[in-house]
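The values are calculated or read from the model by the stated rules, or taken from the named source; none is laboratory data. What you see is a predicted model, and the numbers here were worked out from it, not measured in a lab. When we count neighbours, we look across all protein chains shown, and the Cβ atoms used for this are built from the backbone with ideal geometry, even at glycine.
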Amino acid sequence: MAYELKLFSGNANRGLVEEIGQYLRLPIADAEVSRFSDGEIFVQINENVRGADVFVVQPTSPPVNDTLMELLIMIDALKRASARRITAVLPYYGYGRQDRKVQPRVPITAKLVADLLTAAGVDRVLALDLHAGQIQGFFNIPADHLFAAPVIIDYLGKKDLQDPVIVSPDAGGVERARAIAKRLKAGLAIIDKRRDSPNVAMFMHLIGDVKDKDVVIIDDMVDTAGTLVQAVGALEREGARRVLACGVHPVLSGPAVERIRTSPLEELIVTNSISVPESKRLASLTVLTVAPLLGEAIRRIHDEESVSTLFV
């Protein structure tokens, strides 16, 4: 028996959801997501979802608490409206950086958010470039983890890169950088850094050769851009010919835009997993769309087809 596919959007990144809808040739379902005068979130589903296969697309991006609560309340509304299956599509998974206890008396917020989503009534999760792969295991429901690497590789493959070297800005991103370097037949380098406190990193030294080469820094997100700008400066000192950077999720918080603007970074390549407002649009910023990737995954999940070919 076929169940109707319905695509819902919160307020975090409606532009991306509209692109996904165009790929699927499907209109965005009608729902009101607004605020009471005291700031509480009001949600009303304005069409029948009984027995439907529902996908709610909402990156939990800044303001993360608001976008996360929007998602949870939408899920609760859909569950109470008797949706057959609810899939939370998370182009960006907020609170994902705290995925383990690295010191005493700190939370594991990535697990907490997973528990909140499950308690709200989610049946399945579709995420893009989680900060750490083990977050998939925090869910006791099916979780599909997509990567934006194919989109980034396709773009970089069309650039005129001479003697390219892919650089991981820390040890945790080596696996991601190695996979992209292999596909591009590029070299690999690693930056050894030390983090003194959240959002504060200090460059230590470079492992690998970048002299007279075109260098691409690969990371999962660009937040305050402190790590990125330090890496760019270090690579220039090591003799890199050109320095580009790719960060899947353009968080761009605090001083990020000014840091990037005044750095020697040639180009910053990101995706539209998070909506980038006009005030943060830089001349050096290139935004790639992940709508076809997410749209195809949604179609395959709905049709009960394999999505494994998308996990590259």
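Figures for the structure shown
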item	result
Extreme residue, surrounded by the fewest Cβ atoms within 10 Å (Cβ to Cβ), among residues of the stretch 49-83 that are part of a helix (DSSP H, G or I) and of a type in the set (S, T, N, Q)	N65
Boolean, L161 is out of contact with any Phe, Trp or Tyr (no Cβ under 9 Å at 6 or more places or on another chain) and farther than 15 Å from D99 by Cα	yes
Condition met for L228 (part of a helix (DSSP H, G or I), in contact (Cβ under 8 Å) with a residue 24 or more places away in the chain, under 23 Å from E175 (Cβ atoms) and not hydroxyl-bearing (S, T, Y))	yes
Some residue of the stretch 115-126 being within 14 Å of the chain's Cα centre (by Cα) and not in a loop (DSSP other than H, G, I, E, B)	yes
Selection count, the stretch 206-225, where residues are touching a strand residue (DSSP E or B) at 6+ places or on another chain (Cβ under 7 Å) and either assigned to a strand (DSSP E or B) or closer than 23 Å to V287 by Cα (or both)	11
Pick from the stretch 1-10, criterion part of a strand (DSSP E or B) and not basic (K, R), ranking: surrounded by the most Cβ atoms within 10 Å (Cβ to Cβ)	F8
Qualifying positions in the stretch 282-297 - more than 16 Å from the chain's Cα centre (by Cα) and over 18 Å from C246 (Cα atoms)	E296
Unmet requirement for Y155, which otherwise passes all of (1) modelled with pLDDT under 95; (2) within 22 Å of N13 (Cβ to Cβ)	(1)
Filter pass, R176 being farther than 17 Å from H249 by Cα, in a helix (DSSP H, G or I), among the charged types (D, E, K, R) and touching a helix residue (DSSP H, G or I) at 6+ places or on another chain (Cβ under 9 Å)	no
Failed item, numbered, when I135 is tested on (1) within 22 Å of G10 (Cα to Cα); (2) assigned to a helix (DSSP H, G or I); (3) among the aliphatic types (A, V, I, L, M)	(1)
Qualifying residues in the stretch 125-149 (those that are in contact (Cβ under 8 Å) with a residue 24 or more places away in the chain, of a type outside the set (A, V, I, L, M, F, W, C) and in contact with a helix residue (DSSP H, G or I) (Cβ under 7 Å, 6 or more places away or on another chain)) - the one surrounded by the fewest Cβ atoms within 10 Å (Cβ to Cβ)	H145
Criterion violated by D144 - all others in (1) over 15 Å from the mean Cα position of the chain (by Cα); (2) of a type in the set (D, E); (3) assigned to a strand (DSSP E or B) satisfied	(1)
The stretch 11-48 - residue that is under 21 Å from R300 (Cβ atoms) and among the β-branched types (V, I, T) and, of those, surrounded by the fewest Cβ atoms within 10 Å (Cβ to Cβ)	I28
Matching residues in the stretch 240-255 - criterion: being under 18 Å from D220 (Cα atoms), of a type in the set (A, V, I, L, M, F, W, C) and in a loop (DSSP other than H, G, I, E, B)	V251, L252
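Conditions tested, residue by residue: (1) crowded, with 20+ Cβ neighbours inside 10 Å; (2) free of Cβ contacts under 8 Å to residues at least 40 places away in the same chain.
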site: V232; (1), (2): yes, yes
site: R241; (1), (2): no, no
site: P250; (1), (2): yes, yes
site: E267; (1), (2): no, yes
site: V270; (1), (2): yes, no
site: R281; (1), (2): no, yes
